[in-house]
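In what follows, a single structure is set out as structure tokens and then discussed.
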Amino acid sequence: MARGLCRSFGAKVALHPIDLDLGPGRIIGLLGPNGCGKSTLLRTLLGLVRPDAGEAQIDGIRLEGDGTAVRRRVTYAPGEIALFTEMTGGDHLAWLLRGRDGEARRRATSIASDFGLPLTKRVRTYSHGMKRQLLLAAALAPKVGVRILDEATEGLDPTRRGEVLERLADDASRGTTILLSSHHLGEVDRACEVLVFLSDGRKIAEETAAAVEERARRLHARRGVGGR
């Protein structure tokens with residue numbers, strides 16, 4: 001939950017006051033072009049960027065101070081890929097999950113294996129998509145109430161993207177709340193229950209995925225009629 005959350009960097013308003021409601025067992029899609037404020041919003045919810053005003057509560061924990069209490073209750077996959085490329089994939093997973101329990105590390109290894117990642121090889125040999133999947137394996141492994149995933153399907157081929165979205169849907173069915181950002185509606189809409197659209201740091205719409213799909217269907221039908 002967020003109320004009136006906003007952030008500026010100097011004269012640049014990156015995030016105008018925004019309200020956001022999260023609910024258990026839902027996948028919320030955060031959509032908009034690059035630079036629209038998605039990553040700033042996610043980082044602010046995590047306490048990685050301090051808001052200028054407003055308040056937030058994640059999984060029952062109030063966002064305050066440096067956000068450490070919130071980050072203990074969530075997992076996060078950043079949009080930027082900045083990894084230690086001389087580490088092996090397996091060692092990097094362990095590093096990403098430092099502070100988590102052994103079960104989380106075992107689950108991460110299992111997820112990475114499902115993705116086909118060569119965990120004994122150095123990360124510098126990984127493709128862009130493989131690096132993205134390494135971050136995802138770490139973010140999906142711990143048992144938490146909320147996952148915040150920034151551009152989680154970016155750089156993945158269609159087959160792997162579908163597998164990731166199916167995994168997220170299964171996770172949500174067990175009560176996990178997932179906030180999933182993307183700049184491409186067609187990549188994530190089928191997995192999301194609610195779609196929140198941002199533009200220039202403002203929330204311009206919030207709709208159910210079913211409503212967006214129905215409107216698109218009607219528009220397509222009208223274009224079909226007009227083209228005859």
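The values are calculated or read from the model by the stated rules, or taken from the named source; none is laboratory data. Fair warning: this is a prediction, and the values are worked out from it, not measured in the lab. Ideal geometry is used to build each Cβ from the backbone, glycine not excepted, and the neighbour counts take in all protein chains shown. Only protein heavy atoms, including side chains, enter the accessible area calculation; ligands, DNA and RNA are left aside. Shrake-Rupley method; radii C 1.70, N 1.55, O 1.52, S 1.80 Å.
Here G89 clears all of (1) under 30 Å from L119 (Cβ atoms); (2) open to solvent by less than 10 Å² (accessible area, probe 1.4 Å); (3) within 20 Å of the chain's Cα centre (by Cα) except the condition numbered (3).
Which residues, counting only those in region 117-161, are touching an Asp or Glu at 6+ places or on another chain (Cβ under 8 Å), without any contact (Cβ under 8 Å) to a residue 60 or more places away in the chain and either of a type outside the set (S, T, N, Q) or more than 26 Å from L41 (Cα to Cα) (or both)? Passing the criteria: R122, V123, R124, G129, R132, K143, R161.
Within region 143-161, not a single residue is small (G, A, S), crowded, with 18+ Cβ neighbours inside 10 Å and at pLDDT 95 or above.
Condition check ((1) exposed (fewer than 13 other Cβ atoms within 10 Å of the Cβ); (2) small (G, A, S); (3) outside any strand (DSSP E or B)) across all residues:
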residue: T109; (1), (2), (3): no, no, yes
residue: A112; (1), (2), (3): no, yes, yes
residue: M130; (1), (2), (3): no, no, yes
residue: V164; (1), (2), (3): no, no, yes
residue: S181; (1), (2), (3): no, yes, no
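Only strands (runs of 3 or more DSSP E) whose full extent lies in region 1-53 are considered here, and the ones with at least 3 residues that are under 18 Å from the mean Cα position of the chain (by Cα) are 12-20, 27-31. Return a yes/no flag: does region 93-116 have any residue that is under 30 Å from H16 (Cα atoms) and free of Cβ contacts under 8 Å to residues at least 40 places away in the same chain. So far as region 93-116 goes, no, none of its residues is under 30 Å from H16 (Cα atoms) and free of Cβ contacts under 8 Å to residues at least 40 places away in the same chain. The single condition from (1) open to solvent by 40 Å² or more (accessible area, probe 1.4 Å); (2) among the small types (G, A, S); (3) closer than 28 Å to R202 by Cβ; (4) at pLDDT below 95 that G47 fails is (1). Filtered by the rule that a residue be out of contact with any strand residue (DSSP E or B) (no Cβ under 8 Å at 6 or more places or on another chain), farther than 23 Å from P24 by Cα and of a type outside the set (K, R), region 201-228 gives E214, A216, L219, H220, A221, G224, V225, G226, G227.
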